[in-house]
Amino acid sequence: MCVQLPWAGGASKPLSGSPCSRQAIFEILTSEFSYQHSLGILVAEFLQSRELRATMTQTEHHHLFSNILDVQGASQRFFEDLERRHKAQVCVEDISDILEEHAERHFHPYVAYCSNEVYQQRALQRLTSSNPAFRDALREIERRPACGGLPMISFLILPMQRVTRLPLLTDTLCLKTQGHPERYKAASRAFKAMNKLVKQCNEGAHKMERMEQMYTLQTQLDFGKVKSLPLISASRWLLKRGELFVVEETGLFRKLASRPTCHLFLFNDVLVKKSEDSFVVQDYAHVDHLQVQKVEATELPLPGGVNRSSSVPHPFQVTLLHNSEGRQERILLSSDSASDRARWITALTYREQQWLGLANKGDLPQVEVTKAYFAKQVDEISLQQVDVMQVLQQEDRWFYGERLRDGETGWFPEDFVQSITNLGAVEGNMRRMERLCVETDV
C-alpha cells in the first residue's frame, strides 16, 4: 500500500519503499511544501509591503529581511527537484541524493541569512521601540487573515527553524532505511551534509554576533593607566558581562552601606574589570590565572562577629593569580540572585567544565521546549519549539543545558520547557545525539 501525497498542482502519486521510509519521505515533502507557503506570506505581506517599507531606511529594510528572497529561491528549487522526482517515478523510492546535493551546493543562502540574525533582531527591536509609524504599519499587516494571527517575527525565524529541522528529518530517514544498505548509505551522506550546513549556519551567526560585540566594547573600554589589551581578535568572544557587588577586595572589607559595585567583562580567554561609574578598566587577568569559589553567606563574619548572610546573600570569591601587574588579587563578590551567581561561576570556570561523557548523559534529565525563547544575555541560549535540551545544571528556576541537535549550551528559564518523563523517548534522544556526534563530529 502506498501513501498518497497531495501536491500544489493538484496531482497526487504514491510513495514507495517500506512503510517507515515512505512516512519519513512524506514528512520531508509535506513540511517543505508548508514551509514554502509560509515563506510566501513573509515575502508577499511583509517584505513587499509599500506601507511598511515607507517607515524605514533602506539599510533597516535590508537588516530586517536580509536575503530572504535568496532563501525562498533555494527552497523553491529544492521543492521543484522533489516534485520532478515525484513525477518521474510511479512510486518515490528515495530522495537522499536530492537532500545531499542541495545541502552541499544550493543551501548557502541559509548561512548568510542566519549570519544576519544579530542585525535582524537589533533592527526589529529598534524599529518597534522607537518608530511609531513602523509599529502601526506592522500591526495592520499582522491583522490580515493571510498571517493567521501570527506576528512577523514568527515568519522571520522560519529559515532558522527549517535549516535546523532538516537534519532531524534526514536522520529519521536514516533510521527507516537501515534494512536497505544502499539507501541507508545515501541517507547517511545526506545526514552528514545537512549537519555540516547547520554547523556553518551556527558558526556564521556566532561570528557576526561576536564581531559586533567586540567592536562595540573596543570603542567603549578605556584602559587608562592599565597596560593596554587589544580586545579585537578572531579567537576572542564575550562569555558574560554584568554588575556585581564588591564585598571584599584583597583583604579590605568594603562598607556595606555604600554597596560598591564593579562591572566584569568575561571573555573566553581574559577577565576584564572596570570601575562602577565609567568604562575605565581597573584590572584584568587571563582565565588560566583565575580561581573561583562559591561561598556561603553564613561563612562571612563582619567585624565584631556579626553575620553577613542578610547583607551578602549570594557571595563567591574570584582570585586573580596574576593580574595586569603580575600581582595576586582576591575579590569577594555578591550577586542579586542564586541563579546569577551560578551563571557567573559556570562562565568563569567554563574551561574546567568537563561535562559527563555520552555514556553517563543518559542519567541526566531532559526537557522539551514548549515555546520559543530568545536569548537576552550572552550566556543564554535561544530555543525553538520542540528543541530537546539535556539539563546540566539548575538553579532558581533557571536551567543550564545542552541542545541535543547541535551541542550548543546556555542558560534558559524553566517556564519555556517541560520535562520528558518517557524513558523510551529519553533513550531515543540519546541514541540520536550519539549518531550526531559520531557522524558529524559535532
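The values are calculated or read from the model by the stated rules, or taken from the named source; none is laboratory data. Quick caveat: nothing in here was measured; it's all calculated off a predicted structure. Quick reminder, even Gly has a Cβ in these numbers, built from the backbone with ideal geometry, and neighbours come from all protein chains shown.
Every listed requirement among (1) polar (S, T, N, Q); (2) within 26 Å of Glu408 (Cβ to Cβ); (3) assigned to a helix (DSSP H, G or I); (4) more than 18 Å from the chain's Cα centre (by Cα) is met by Ser235 save one, (3). Consider the stretch 70-88 and keep the residues that are more than 17 Å from Glu27 (Cα to Cα) and in contact (Cβ under 8 Å) with a residue 60 or more places away in the chain. The one that is surrounded by the most Cβ atoms within 10 Å (Cβ to Cβ) is Val71.
Would you check if there is a residue in the stretch 49-59 being part of a helix (DSSP H, G or I), surrounded by 15 or more Cβ atoms within 10 Å (Cβ to Cβ), touching a residue at least 40 places away in the same chain (Cβ under 8 Å) and of a type outside the set (S, T, N, Q)? Yes; the residues of the stretch 49-59 include at least one that is part of a helix (DSSP H, G or I), surrounded by 15 or more Cβ atoms within 10 Å (Cβ to Cβ), touching a residue at least 40 places away in the same chain (Cβ under 8 Å) and of a type outside the set (S, T, N, Q). Being within 29 Å of Gly242 (Cα to Cα) and part of a strand (DSSP E or B) holds for only one residue in Gly407, Gly401, and it is Gly401. Phe46 - would you say it is out of contact with any Ser or Thr (no Cβ under 9 Å at 6 or more places or on another chain), surrounded by 18 or more Cβ atoms within 10 Å (Cβ to Cβ), of a type outside the set (Val, Ile, Thr) and in the same structural domain as Met160 (by TED's automatic domain parsing)? Yes, satisfied. Using the structure shown, decide if Thr346 is part of a helix (DSSP H, G or I) and at pLDDT below 90. No. Within the stretch 293-306, is even one residue outside any loop (DSSP other than H, G, I, E, B) and at pLDDT 85 or above? So far as the stretch 293-306 goes, yes, one or more of its residues are outside any loop (DSSP other than H, G, I, E, B) and at pLDDT 85 or above.
Restricting the stretch 89-129 to residues that are among the hydroxyl-bearing types (Ser, Thr, Tyr) and free of Cβ contacts under 8 Å to residues at least 12 places away in the same chain leaves a set whose member that is surrounded by the fewest Cβ atoms within 10 Å (Cβ to Cβ) is Ser129. Of all residue pairs spaced 6 or more apart or on separate chains, those with beta-carbon atoms under 7 Å, a first member in the stretch 170-192 that is under 12 Å from Leu436 (Cα atoms) and a second member that is β-branched (Val, Ile, Thr) and part of a helix (DSSP H, G or I) are Phe191/Thr170; Lys192/Thr440.
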